Amino acid sequence: MNTSTWHLFPFLSPLFSSLPLSVFLDNSTLRLGFNLKIVYALVAMRREQKGCCALIKCLLDWLIPWYRKHDGADAEAWEMVKRKGNQFMVNGRPFYVNGFNTYWLMILAVDNSTRQKVSDVFQQAASVGLTVCRTWAFNDGGWRALQKSPSIYDEDVFKALDFVVNEARKFKIRLLLSLTNNWQSYGGKKQYIKWAQNAGLNVTSDDDFFTDQTIKNYFKNHIKTILTRVNTFNNIAYKDDPTIFGWELMNEPRCESDPTGSKLQGWIQEMAFHVKSIDPLHLVEIGAEGFYGPSTADRLQVNPNSYAGQVGTDFIRNHQVLGIDFASVHIYPDSWLSDPSPEAHIQFVKRWMEAHIDDAENTLGMPIVFSEFGVSTKNGKFNQTFRDTFIGTVYQTVLNSTRRGGSASGCLFWQLFPDGTDYMDDGYAVVLNKSPNTASIMSVQSRRMQSFNSRCNWNCRWSCRKMSEIDETLHYDEL
């Protein structure tokens, strides 16, 4: 851009004066493309009488990805996600999440005939701007087990997990890796109990997983094995790899034998400390569904039903454990509520999310991620139109918090599937090329969340306060 043109656009001068002149002089093609953008914008202004809006939109469409590249925030600065107060940060800048769940990636990566499905799902996720994937870093016993017995691993399956981690990085997608399951699927705590029984231990309840020292040592060894694994594709230890967004202790932990929550609380404390003693850099979360417990009796009414307050979890107390970096919450009104009406589901979603966002901000002082949310279209109660409304409600509630600098830092829908995997669909799967409206909703949300990530990429030439005012009156998606 010729500097003599700047007087026509005085509001751009602070932006361009912060860039080195060599950026413009070293690439004639880049200069030509930029000037064509300005010409296009001026013509659009003339034809459509839109004032500066058309020009700003064209400039932002082109400048944001370009400036990120030159600012080092695109390829070079693939750094760890950190936490600062109630925000995630990457390289000193905010990091807000729009992501997804695909739990079976490791299993399909074992076989070369299905490994391409892993690449396909990452490619499709990246195409709509999704940046974090939650998936399993466990398969305890059974078919294609990662851990065949305590501390005995299948190297081929481990190499499949290596592939998943390495492939995610290629698509600039970070992974939230869950370390075991409360449920029987993929082994989980029930498999640990079987191993203990086979070793002669007198354990009878699945909940002994949380208290028996031998079983806890089994799990601690698994944690250490995963965290210290050196990836065979890139030679980076998992604990040193920024591709990993964080560690999840367990998918949906419950300890129904102890409604007071003390057993589960002690286990969370012990395991969070163990993870941090091996890997102090990555974020850690519990994997909880978000049910309130005895420590906050006034919040029990927020739970979807009375049973939810008796499963041994306690949202506030659990997340006050030292070493837990952010809160996790799930949203499944179609499974939790007795009222089948769509209106009741949407009202519950708003109330459930707003209560947890408020607690994350004002009581816990940490980010919150709605790490599973979905609605099944399999049983005929709800269709894709309602599912889109449901997803839009979750997105809007997150956005309402994000716009004011609140604790809601993102959400991960359940779940994304590529073509040809319908046989694994649990009713919640979304195949983007078969659901164009859903894909569009996700893409718009990704752009909105990314606009908050991009604010500080301008090296604070505009203050965050001013950018907030611009966002409220002239949102990027609406220019």
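The values are calculated or read from the model by the stated rules, or taken from the named source; none is laboratory data. Because the structure is a prediction, the values reported are computed rather than measured. Here the Cβ positions follow ideal geometry from the backbone for every residue, glycine too, while neighbour counts run over all protein chains shown. For accessibility, only protein heavy atoms count, side chains too; no ligands or nucleic acids. Shrake-Rupley method; radii C 1.70, N 1.55, O 1.52, S 1.80 Å.
Close amide H contacts of VAL97 (hydrogens built in the peptide plane, cut-off under 5 Å, sequence separation of 5 or more or a different chain): GLY410, CYS411. May I ask for the distance between the Cα centers of the stretch 396-437 and the stretch 325-381, given as a whole number of Å? First find each Cα centre; the distance between them is then 13 Å. When the surface is traced with a 1.4 Å probe over the full set of protein chains, ILE324 keeps roughly 10 Å² accessible. Model label points for ILE152 and TRP78, set 7 angstrom from Cα along the Cα-to-Cβ axis, are 3.6 nm apart.
The stretch 129-165 and the stretch 291-305 have Cα centres separated by 35 Å. Close amide-amide hydrogen proximity is noted between ILE244 and LEU175, each under 5 Å apart and 5 or more residues distant or on a separate chain (H modeled in the peptide plane; Pro and chain starts excluded).
Taking only the alpha-carbon positions of the stretch 345-389 and ignoring solvent, what does the Debye formula give for the base-10 log of I(q)/I(0) at q = 0.15, 0.33 Å⁻¹? After summing over all Cα pairs, the log10 values are -0.50, -1.17. Heavy-atom accessible surface of the stretch 114-216, averaged per residue, reaches 37 Å², computed with a 1.4 Å probe.
The order of PHE273, PHE370 by accessible area, most exposed first and with a 1.4 Å probe, is PHE273, PHE370. Here's the picture: charge each Lys and Arg Cβ at +1 and each Asp and Glu Cβ at -1 in the stretch 210-365, and of PHE273, GLY293, GLN320 the one pushed furthest to the positive end of that dipole is PHE273. Summarising the label geometry, the points placed 7 Å from Cα in the beta-carbon direction at LEU322 and ASP298 lie 2.8 nm from one another. Segment ASP419..PHE233, full-extension length gain: 64.4 nm, with 0.36 nm per residue of separation and the alpha-carbon distance subtracted.
For the set GLU354, GLU372, solvent exposure ranked by accessible area (probe 1.4 Å, protein chains only) runs largest to smallest as GLU354, GLU372. Taking a sphere under 13 Å around the Cβ of VAL284 and counting the other residues whose Cβ falls inside, with K and R at +1 and D and E at -1, yields a net charge of -1. A cut-off of 5 Å between modelled amide H atoms, ignoring neighbours fewer than 5 places along the same chain, links ILE331 with GLU372, PHE373, GLY374. List the residues of the stretch 216-242 whose backbone N lies under 13 Å from a point placed 7 Å from the Cα of GLU270 along the Cα-to-Cβ direction. Inside the label zone: 216-221.
Nearest 0.05, what FRET efficiency do THR114 and GLN396 give at R0 = 35 Å with Cβ-Cβ as r? Walk me through the numbers on the way to the answer.
Details: r = 36 Å, r/R0 = 1.03.
It comes to 0.45.
Extension gain for the segment GLU256 to ARG351, taken as residue separation times 0.36 nm less the Cα-Cα distance, is 31.7 nm to one decimal. Backbone geometry of the stretch 162-167 corresponds, through the Karplus equation with coefficients 6.51, -1.76 and 1.60 at θ = phi - 60°, to 3J(HN,Hα) couplings of 4, 4, 4, 5, 5, 5 Hz, x marking Gly and Pro. Working note: Karplus 6.51/-1.76/1.60 with θ = phi - 60° gives the stretch 446-453 the couplings 4, 5, 5, 5, 5, 5, 6, 4 Hz, where Gly and Pro are set to x.
If you take all other residues with their beta carbon under 15 Å from the beta carbon of THR232, and give Lys and Arg +1 and Asp and Glu -1, the sum is -3. Local charge for MET366 was computed over the other residues whose Cβ lies under 13 Å away, with Lys and Arg +1 and Asp and Glu -1, and equals -2.
Please list ARG254, ARG144, ARG447 from largest to smallest accessible area, probe radius 1.4 Å, with all protein chains kept in place. Intermediate values should be presented prior to the final figure.
Numbers: ARG254 30, ARG144 65, ARG447 105 Å².
The residues order as ARG447, ARG144, ARG254, largest area first.
Computed from backbone phi, the HN-Hα couplings of the stretch 124-138 come to 5, 4, 5, 5, 10, x, 6, 10, 9, 10, 9, 8, 7, 10, 8 Hz, rounded to whole numbers (Karplus: 6.51 cos²θ - 1.76 cosθ + 1.60, θ = phi - 60°; Gly and Pro given as x). Would the stretch 97-188 count as rounded, prolate or oblate if I go by the C-alpha gyration tensor, calling it rounded below 1.5 in a/c and otherwise prolate when a/b exceeds b/c, oblate otherwise? It comes out prolate by the Cα gyration axes.
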